[in-house]
Amino acid sequence: MSAASTSTSTPAAAAAAAPEPESRLVVRAPATGALLGEVAIDDAAAVRAKVAAARAAQLQWAHTPLAERARRVLGFRDVLVRSARELAGALERENGKTRVEALAMELTPSIDAITYFARRAEQLLAPQPIPLHLYKHRKSYLHFVPRGVVGVISAWNFPLSIPTIEAAMAALAGNAAVVKPSEVTPLVMLEVKRLWDASGMPPDLLQIVNGRGATGAALVEAGIDMCIFTGSTATGRRVAAACGERLIPCVLELGGKAPAIVCADADLERTANALVWGAFANSGQVCASVERVYVHASVHDELCSRILAKTRKLRQGDPAAGGDVDVGAMTWERQLTHVEELVARAQAAGAKILLGGRRRPGVGQFYEPTVLTDCKQDMDIMRREIFGPVLPIMKVDSEEQALSLANDSQLGLLGYVFTRDKKKGRRLAERLEAGTVMVNDVLATFGAPETPWAGLKQSGLGRTHSDDGLRDMCQTRHVNHDRLALARDPWWYPYSQKVFERSLKLLRLLYRPR
Ligand code: NAD
């Protein structure tokens, strides 16, 4: 790996047009096009070697008592806390997000999740008795055994928090982690790896493999024991198939198309604030971003004018330039083109652009915060993941109509409901087909490590975060042992008519028909 930092300014568009070298990744700042560094690509042999090194380290680590594992993982956490300013700067440069987002959406959730799981791991991974209702002569318990090497393949929109949390949780559960960062943002995890090594964690326990899709595919094939994948639904399907072929568990965190239902009785000021942040934070490149709004006709105009006023005030620019900005750059030129195309198609199909609707002129990959009204359910902008700073709004006649349109999607990661009526909010939330639904709030549960992060439908399989998410990183093994030492169990040999009649009597006694 060679990672050279320079400040040469190259226009992003010209850079994106240049052919990509086969053997390395060239990383440029999305806000300026400046060259940030180059990273060597790991071929299949290098990936296998890193998985083997991780496995060797894991065999020792698995025997380290949990309290000691937790102590050392907290040491890594401490180094992250001390380096938070530098890491926020690295995220600003490589990812294009603002430094407040780097802190609030990446570093703080990572540090908090590591703290939460490190403090609770001993309790969460302790053997769990299973009370047996019938087999009173025996006892059962579950115990949690590290899986081995966990492969973590990640996306470019949260290049630090997602793989760092997964790697730390894997280590707490007694595993090693091999992280494959996105080819779009490979640098920041190299910095995290440097801090991991400096913190006193076993260096080989965390490996980074870099490259494009082929490197990710090689990681799945390199003998890992579990795969945690974050990315698009299309790639997720391929990863699931490869894991299925090897019969290793995989967790898939895929795309989202979060709907927001705005009821007639919503607090419009809070709703407008939430929708503006939920659509434009991280330049809309969040799997949980508000991607479509269904607002009751009676409050449609008032909500739109509040959204418009708030969006007009957003300051967009290079987050690393020193001034205060609210909306940073889009991380990937290809994603920006996708957003341009979706908005153009929506406009051609009759959507009205109230604000934005174009790439910001000048240097860098910026798309202006965009508000669309008059959207219709059959428009691509309402059906496909946008993953950019666009807020499409559709007027509806009733909450029932909003709910049915919200559920009319192949994706089901997050959903949002806005109402002043707490009971109604929960009722609607329970009927929304999404892994997580928030009432009167957006995005934030990624920062609550106790809660599961999981998509329904084409948005994913399995879960990350939460107490169960930590246990999922272990094999759950069941031991059943004797409580009373009988000479033989009643259903053992020899069989006889007498045994049958006695058993039948017992069965009818136990399950007396009502
Ligand atoms: P992507 O699917 O293009 O790539 C994701 C990762 O998979 C990258 O590291 C890539 O190199 C790797 N990859 C590509 N082909 C592979 C293969 N055949 N085998 C193994 N790995 C392979 O996705 P992306 O553009 O990086 O990310 C954007 C998507 O991620 C969006 O859809 C977004 O919603 C989703 N996302 C979901 C969550 C979540 O928690 N649900 C979080 C962040 C992003």
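None of the figures in this text is laboratory data; all of them are computed from the coordinates on show. Keep in mind it's a predicted model, so treat the numbers as computed, not measured. Reconstructed Cβ throughout: ideal geometry from the backbone, glycine too, with neighbour counts over all protein chains shown.
By average Cβ neighbour count within 10 Å, what is the ranking of 76-85, 283-292 from highest down? Can you show the working numbers first?
Details: 76-85: 16.9, 283-292: 27.4.
Final packing ranking: 283-292, 76-85.
What residues qualify as long-range amide H neighbours of I228, i.e. H under 5 Å apart, gap of 5 or more or another chain, H built at 1.01 Å from N?
It is G151, V152, I153, V251, by chain and number.
Show me the trypsin sites (Lys or Arg not before Pro) within region 330-365 that DSSP assigns to loop and that have at most 13 other Cβ atoms within 10 Å of their Cβ.
Working: sites: R334, R345, K352, R358, R359; in loops: R358.
The qualifying sites are R358.
Indicate the gyration tensor shape class of region 404-514 (rounded, prolate or oblate), computed on the Cα atoms with a ≥ b ≥ c the square roots of the eigenvalues: a/c under 1.5 is rounded; otherwise a/b larger than b/c is prolate and the rest oblate. Write down the numbers at each step before the final one.
Numbers: a/c = 3.55, a/b = 2.30, b/c = 1.55.
Prolate shape, in that a/c is at least 1.5 and a/b is the bigger ratio.
Any chance you could count the Lys pairs in region 258-449 whose alpha carbons are under 25 Å apart, treating pairs 8 or more apart or on different chains as valid?
For region 258-449, qualifying lysine pairs total 11.
When DSSP beta bridges are limited to those with both residues in the chain, what percentage is antiparallel, rounded to the nearest 5? Before the final figure, lay out the partial values.
Values: 26 of 62 bridges.
Among the beta bridges of the chain, antiparallel pairing accounts for roughly 40 percent.
With n ≥ 4 as the cut-off for DSSP H runs, can you work out [θ] at 222 nm for the chain, using -39500 (n - 2.57) per run divided by the number of residues, rounded to the nearest 500?
Working: 17 runs with 205 residues, N = 514.
The helix contribution divided over the chain gives -12500 deg cm²/dmol.
Quick check: Cα centre of region 306-375 to Cα centre of region 422-442, how many Å?
The distance from the Cα centre of region 306-375 to that of region 422-442 comes to 28 Å.
Share of antiparallel DSSP beta bridges in region 258-449, in percent to the nearest 5? Write down the numbers at each step before the final one.
Working: 4 of 24 bridges.
Around 15 percent of the beta bridges assigned by DSSP in region 258-449 are antiparallel ones.
Take peptides 88-99, 373-384 and line them up by average Cβ neighbours within 10 Å, highest first, as a rough protection proxy. Each step should come with its number before you reach the end.
Working: 88-99: 25.5, 373-384: 18.0.
Descending packing order for the listed peptides: 88-99, 373-384.
After finding the eigenvalues of the alpha carbon gyration tensor for region 335-411, what semi-axes result from the square roots of 5 times each, listed largest first in whole Å?
Details: eigenvalues 120, 32, 20 Å².
Here the semi-axes work out to 25, 13, 10 Å.
Could you work out the percent of alpha carbon pairs in region 258-449 separated by over 32 Å, rounded to a whole number? Don't skip to the answer; put the middle values down first.
Working: 1768 of 18336 pairs.
Result for the distance tail: 10 percent.
How many percent of DSSP beta bridges within region 117-271 run antiparallel, rounded to 5?
15 percent
So between K505 and S305, what do we pick up on full extension, going 0.36 nm a residue minus the alpha carbon distance?
Values: separation 200, 0.36 × 200 = 72.00 nm, distance 7.40 nm.
Between K505 and S305, full extension yields 64.6 nm more.
For A52 and L247, FRET efficiency with R0 = 25 Å and r from the beta-carbon atoms, rounded to 0.05?
Details: r = 20 Å, r/R0 = 0.81.
So, using R0 = 25 Å, E works out to roughly 0.80.
Just to be sure I understand: if I project the alpha-carbon convex hull of the chain onto a plane and average over all orientations, what area do I get in nm²?
Working: hull surface 117.4 nm².
Directional mean of the projected Cα hull area for the chain stands at 29.4 nm².
Which whole number in µm²/s is D for region 272-318 by Stokes-Einstein, with the Kirkwood Rh taken over Cα pairs at 10 °C and 1.306 mPa s?
Values: Rh = 11.5 Å.
Translational D for this selection: 138 µm²/s.
Could you give the dipole magnitude of region 258-449 about its Cα centre, charging the beta-carbon of Lys and Arg +1 and that of Asp and Glu -1, in debye to the nearest 20? Don't skip to the end; give the middle numbers.
On the way: 24 positive and 25 negative charges, 39 e Å.
Magnitude of the dipole: close to 180 debye.
Which ³J(HN,Hα) values in Hz, rounded to whole numbers, follow from the phi angles of region 20-27 under the Karplus curve 6.51 cos²θ - 1.76 cosθ + 1.60, where θ = phi - 60° and Gly and Pro get x?
Here the 3J(HN,Hα) series is 7, x, 5, 9, 8, 9, 9, 10 Hz.
For R85 and K136 in the same chain, what is the full-extension length gain: residue separation times 0.36 nm, less their Cα-Cα distance, in nm? Don't skip to the answer; put the middle values down first.
Values: separation 51, 0.36 × 51 = 18.36 nm, distance 5.78 nm.
Separation in residues times 0.36 nm, less the Cα-Cα distance, equals 12.6 nm.
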